[in-house]
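Structure first, commentary second.
The values are calculated or read from the model by the stated rules, or taken from the named source; none is laboratory data. Every value quoted in this text rests on a predicted model; they were computed, and no experiment measured them. Every residue, glycine as well, gets a Cβ built from its backbone with ideal geometry; the counts of neighbours run over all protein chains shown. With ligands, DNA and RNA removed, areas are computed over all heavy atoms of the protein, side chains included. Shrake-Rupley method; radii C 1.70, N 1.55, O 1.52, S 1.80 Å.
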Amino acid sequence: MTPLTLSKSDARRALVRHHFAPARDIEAVFKRLRSVQFDPIAPAGCNHDLVLQARLADYKVGDWEAAAYQNRFIYDGWDKQASLVPFEGWPLRRIFHKWHREQLGKIFDGHPEAVEAILQELRERGPLLPKECVFQQRKEEWKVSWHGPNLSKQTLRALWYSGQVMTTSRRNGHHVYDLTERVLPTHLLDVPLLSDEVSIRELVHERHRAVGLLRPNAAPEIWSYRVKAPMRKDAIDLLVKQGELVPVVVDGVKAHATPEYLSHLDLPSLPSRVIFVAPLDQLMWDRTMIGHLFDFDYVWEIYMPEEKRRWGYYVLPILFGDILVGRIEFFCRKSVLEIRRFLLEDPHPTPEFWTELEVAIRRFMDYCSAKSVNVVPGLGTQLMNLTEAIKID
C-alpha cells in the first residue's frame, strides 16, 4: 500500500483532536485511550488523574475509583505497565498473565505452600490486604526487592501478575485482593483463551488506537517489552492488510495511523485552550514523533539525579491549541496549589495564551480541590500577576 503523505501541521492538528476532542465521560475516555498508566506518585494527583483531567472538564483527583470499584468499568491490571484498563480489554491481556507466570518461578516454584495458603484464605475469608493474611513469613534476603521481604505480599502480587487474583478495591491506596472469578464480570469468565499471535496483534492494534499515530520502531516499552520487533512487524503488516492501519509518512518519518485518527484530518483545529499534559499520557508515548511533530523535547525527569535535570522533578508539557508551548510543575497540598516551575519555548507568547492559561489554572485548582495558588519566586512577572488576579477573586 502506498503511504499517505501528511504535513507536520496536519498530523499535529489531527493528533490533538484525536486526544482532546471533548469526551462525554470517563468511560468515553477509556474507550478512546484503551488504558491509562497507573503511577502512585502524586504531586498534584497521579499520572492517571492527570490524564483524565486533560480530557474531562469536571474531573477531580480520585474520580477514577468509582469507575473501578463501584461501576466496575475499569480494573487495576497490567498493560504498558501497571494500568487502569476497561474490563472489555481483559481477554486479550491474558497473555501478560502467561508471561508473568514464566518470570515468577521464585514464588510459584519456590513457595507453592504460600500460593496455596493465600488462595485458600481468599476462598474462605474474602478480600484481603497482604497484612490481613494469617499466613505470614519474611524472607530477609528479599529486603532489597521491589515488593520487600513479606512473602504474603510477594505471593499476592505474583498471583495478581498471573491473573489469579485481582484488585477489588483500595484502602489508603493499598490493593485489596480477591479471587479473579469474584471480580471479573461473569460474561468474561468463559471467554476462550486467545492465541499468542492474536493477542499480540490485538495489543499492537490497541497501541495504535490509543495514540492514533505511531512509528513502527517506537520505544519497546510502548508495545510491551515482550512484543519484539519481528512480532510487531508481522502484526502491523496484517493490520494494514485488514484495513485497521494505514501507512503514512509525515515529513519523511514513517508511521501507521488508524482510520479514526485520519478522520480528524477533515476537521478543523479544536478551539485554542491550554491543557496540562500528564508525563505518561498517550500523547507523549512516542516522544521521538512528538519531537518531530511539535519541535518539542520532553523527558520525564523524576528518576534522574537532581543535578542532571533540565526542567524539573515532575514537569508537565503545556499544550496550547496545536502547539506544545512549554512546561509547568505543580504541587498541591492542604488546598494550596503551588507552581514550582514554568518554562516557555517562546518567551513572548500571545495575550490569548495568558488568558487561556488563567482559565486552565483555575480549572486545575478545581481538579485538585485547591483554594489558593502560590508561585515560587523567579518564574516571571506575567505569571505572578496572573495568579495574583486569581487570589484576589
Notebook entry, point to check: Which residue pairs have Cβ atoms under 8 Å apart, sit 6 or more places apart or on different chains, and have a first residue in region 380-393 that is farther than 12 Å from ILE339 by Cβ and a second that is at pLDDT 90 or above and open to solvent by less than 100 Å² (accessible area, probe 1.4 Å)?
Noted result: GLN382/TRP354; ALA389/GLU358; LYS391/SER372; LYS391/VAL373
Margin query: List pairs: first residue in region 129-140 and under 15 Å from ARG157 (Cβ atoms) and open to solvent by 60 Å² or more (accessible area, probe 1.4 Å), second residue assigned to a loop (DSSP other than H, G, I, E, B) and modelled with pLDDT of 90 or more anywhere in the structure, Cβ distance under 9 angstrom, at least six positions apart or on different chains.
Written below: GLN137/HIS111
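Would you confirm whether or not region 324-331 contains a residue that is small (Gly, Ala, Ser) and farther than 22 Å from LEU280 by Cα?
Taking region 324-331 first, the residues small (Gly, Ala, Ser) are 326.
From the residues that got through so far, the ones that are farther than 22 Å from LEU280 by Cα too are none.
No, region 324-331 has no match at all.
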Check: Counting just the residues of region 249-270 that are assigned to a helix (DSSP H, G or I) and at pLDDT 95 or above, which one comes out surrounded by the most Cβ atoms within 10 Å (Cβ to Cβ)?
Finding: TYR261
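Would you call LYS308 more than 30 Å from SER372 (Cβ to Cβ) and not hydroxyl-bearing (Ser, Thr, Tyr)? Break it down stepwise before answering.
On the way: more than 30 Å from SER372 (Cβ to Cβ): yes; not hydroxyl-bearing (Ser, Thr, Tyr): yes.
For LYS308, the condition - more than 30 Å from SER372 (Cβ to Cβ) and not hydroxyl-bearing (Ser, Thr, Tyr) - is met.
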Next item on the list: Within region 100-115, work out how many residues are assigned to a loop (DSSP other than H, G, I, E, B) and either under 13 Å from LEU156 (Cα atoms) or touching a Leu at 6+ places or on another chain (Cβ under 7 Å) (or both).
Entry: 2
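I'd like to check which strands (runs of 3 or more DSSP E) are fully inside region 1-94 and have at least 2 residues that are within 21 Å of PRO279 (Cα to Cα) and touching a residue at least 60 places away in the same chain (Cβ under 8 Å). Working first, answer last.
On the way: elements: 4-6, 74-78, 82-86.
Output list reads 74-78.
Rundown of residues vs (1) modelled with pLDDT under 95; (2) within 24 Å of the chain's Cα centre (by Cα); (3) not small (Gly, Ala, Ser), yes/no style:
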| site | (1), (2), (3) |
| --- | --- |
| VAL176 | no, yes, yes |
| THR180 | no, yes, yes |
| VAL183 | no, yes, yes |
| THR186 | yes, no, yes |
| GLU197 | no, no, yes |
| ILE200 | no, yes, yes |
| ALA210 | no, yes, no |
| SER224 | yes, yes, no |
| VAL227 | yes, yes, yes |
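I'd like to check something: does region 223-235 contain any residue that is among the acidic types (Asp, Glu) and either over 12 Å from ILE200 (Cα atoms) or in contact with a strand residue (DSSP E or B) (Cβ under 8 Å, 6 or more places away or on another chain) (or both)?
Start the filter on region 223-235 by keeping residues that are among the acidic types (Asp, Glu), which leaves 234.
Now narrow it down to the ones that are either over 12 Å from ILE200 (Cα atoms) or in contact with a strand residue (DSSP E or B) (Cβ under 8 Å, 6 or more places away or on another chain) (or both): none.
No - not one qualifying residue is present in region 223-235.
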Note to self: Can you name every one of the helices (runs of 4 or more DSSP H) wholly within region 163-220 that holds 2 or more residues which are in contact with an Asp or Glu (Cβ under 9 Å, 6 or more places away or on another chain) and either open to solvent by 10 Å² or more (accessible area, probe 1.4 Å) or not acidic (Asp, Glu) (or both)?
What the structure shows: 186-189, 196-211
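Only one residue in ARG341, ARG362 is open to solvent by 50 Å² or more (accessible area, probe 1.4 Å), touching a helix residue (DSSP H, G or I) at 6+ places or on another chain (Cβ under 7 Å) and either among the acidic types (Asp, Glu) or at pLDDT 95 or above (or both), so which one is that?
On the way: ARG341 fails: touching a helix residue (DSSP H, G or I) at 6+ places or on another chain (Cβ under 7 Å).
After ruling out the rest, the residue left standing is ARG362.
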